[in-house]
Structure formats: C-alpha cells, structure tokens
Amino acid sequence: MSSASTDWFTINKEEIPLTNAPQDPQYPQQPQNPQYSQNAPYAQGGNKYGTAGYDPNQNFEMTQPPRINRWFQVTVASLVLFLVYSALGVAMLFHSDYAQLFRDQFAESGQTLPQGMNMDDMVAASQIGGAVFLIIFALLGLVIYALVLLGIKKRWNWARILGIVVAILTTLYFAWNLISSLTMASAGGMLAIVSIVVLLILVLVNVYWLILAFNRSIALWMSRRA
C-alpha cells in the first residue's frame, strides 16, 4: 500500500470523534440514578397514588358541634325554672288558701285526727313536711344539674346518660303534677297561676333538652373524649 493511502487512513481515523453520541432534544437524558428518581415522591413526603403520607402527629379530633352550646344554655334555663318552681311550691304551702284546701280535703276523706292533735297541728305538720320534701328534692336536683353541666363541659358521656334518665322521669312527674295543679288552681290565687305557667314552661324546656340530648352530633361529641 502506498504511503499516501496510509496517511489518508490515519487522518480520517483521527477525525472520528471519540465522544458519546449526540443527544436528541426530544429525548432528555435519563438521570444517573434511576432508583432515586423512582423513590423521589417518597423522599419528599408524597405518595405515588396521589394521597398525602401518614403523619403520626395528625389530629383526628372532631370539631365541637354548634348544638353543644345551645344544649348547655337549655340546661341552665331548665335549672333556673326548676329552682323557681321549687321556691313557688314552698311558698304555696304556707299560703292561707292551701291551709283551707287541706282542711276541706281532710274532712272529705273521713279520717279522724290523731290523738292529741287538732286541725291546726295537722295543717302545720303538712306544711312543714311538704316544705322539707320540696327542699330536699330541689337540692338533689341541683346536684344532678351541676353534674350534667360539668359533664357537658368535660365531655362526660355518663353525665349525658344520667341527665337523660332523670329528665325523662322528672318530665313525666312534672306533667302529672301540671294536670293535678290545674284542678287546684283556685288555691293560692295568683301565686298558683304563676306556678302553673312556670311548670308548663319547664316541661316544654325539658322536652327540648331531651331532643338535643338524643341528637346524633351531640351523642358522638360526648362519646369521643379527646
């Protein structure tokens, strides 16, 4: 082979580029570490399914329903009406019309006076006994109301259940007492009329309280303590 041919081969060999093939702009170069690219969403706290990653510090506490405040206010209103009705009941016992009503009912019953007692003693004993019963009943009710009110603030579900049981029993008692009070509305004058109106409002408020107590959002809120 001639020297000219050898020189041409050497020159063309040196002209052959020794670099990588040129990259097409339409096909960008892949990253050097494909494994890192695939796990990149996890490294950034994401998820390949498009949902947020689990956060152990996330708070799943439900928000307080707006009816809770109304339920608390209705409980306070029921407490005030209950105390007013109890005070009116004690005042009515010592009203002159009540004393006369007791004498008439005792005479119609055909009972005889205990030995050593007259009618005035029987009236006084009935008044004192009725007042003591109403006071004890009011104090017991005050304790239950306090537990329910505190239970609403502290989210004690047992206090809600206690309030429901007591509210049902007392509402039935007040409803029966309301019917019997209408037959004796003449005894006590204006005081008796005010007592009947207060008792009627108390029964309606307690019914509304029970409706709120059985509300689903309130029941869930009270049963899920933080």
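The values are calculated or read from the model by the stated rules, or taken from the named source; none is laboratory data. For clarity, every value in this text was computed on a predicted model and none was experimentally measured. All Cβ positions, even for glycine, are placed from backbone atoms using ideal geometry, and neighbour counts span all protein chains on display. To get the accessible areas, we keep the full protein, side chains included, count just its heavy atoms, and leave off ligands, DNA and RNA. Shrake-Rupley method; radii C 1.70, N 1.55, O 1.52, S 1.80 Å.
The charge dipole of the stretch 90-176, taken about the Cα centre with unit charges on the Cβ atoms of Lys, Arg (+1) and Asp, Glu (-1), comes to about 900 debye, rounded to the nearest 20.
Ligands, DNA and RNA excluded, the heavy atoms of Phe133 present near 120 Å² of accessible surface to a 1.4 Å solvent probe. If R0 is taken as 25 Å, the Cβ-Cβ distance between Val197 and Ala131 corresponds to a FRET efficiency of 0.70.
How large is the accessible surface of Tyr98 in square angstrom, using a 1.4 angstrom probe and rounding to the nearest 10? Spelled out: Tyr98, probe radius 1.4 Å, area about 60 Å².
Between Asp120 and Arg67, the contour length at 0.36 nm per residue exceeds the Cα-Cα span by 13.8 nm.
Each residue was assigned an accessible area with a 1.4 Å probe, and for Leu178 the value is about 30 Å². Residues in the stretch 53-166 average 62 Å² of solvent-accessible surface per residue, probe 1.4 Å, ligands and nucleic acids excluded. Note on the stretch 59-121: dipole from Cβ charges, positive end direction compared against Ser109, Ala77, Ala99; the farthest Cα belongs to Ala77. Applying 1/(1 + (r/R0)^6) with R0 = 30 Å to the Cβ-Cβ distance of Ile211 and Ala91 gives a FRET efficiency near 0.45. Taking all protein chains together and a 1.4 Å probe, the residues Ile193, Ile152 rank Ile193, Ile152 from largest to smallest accessible area.
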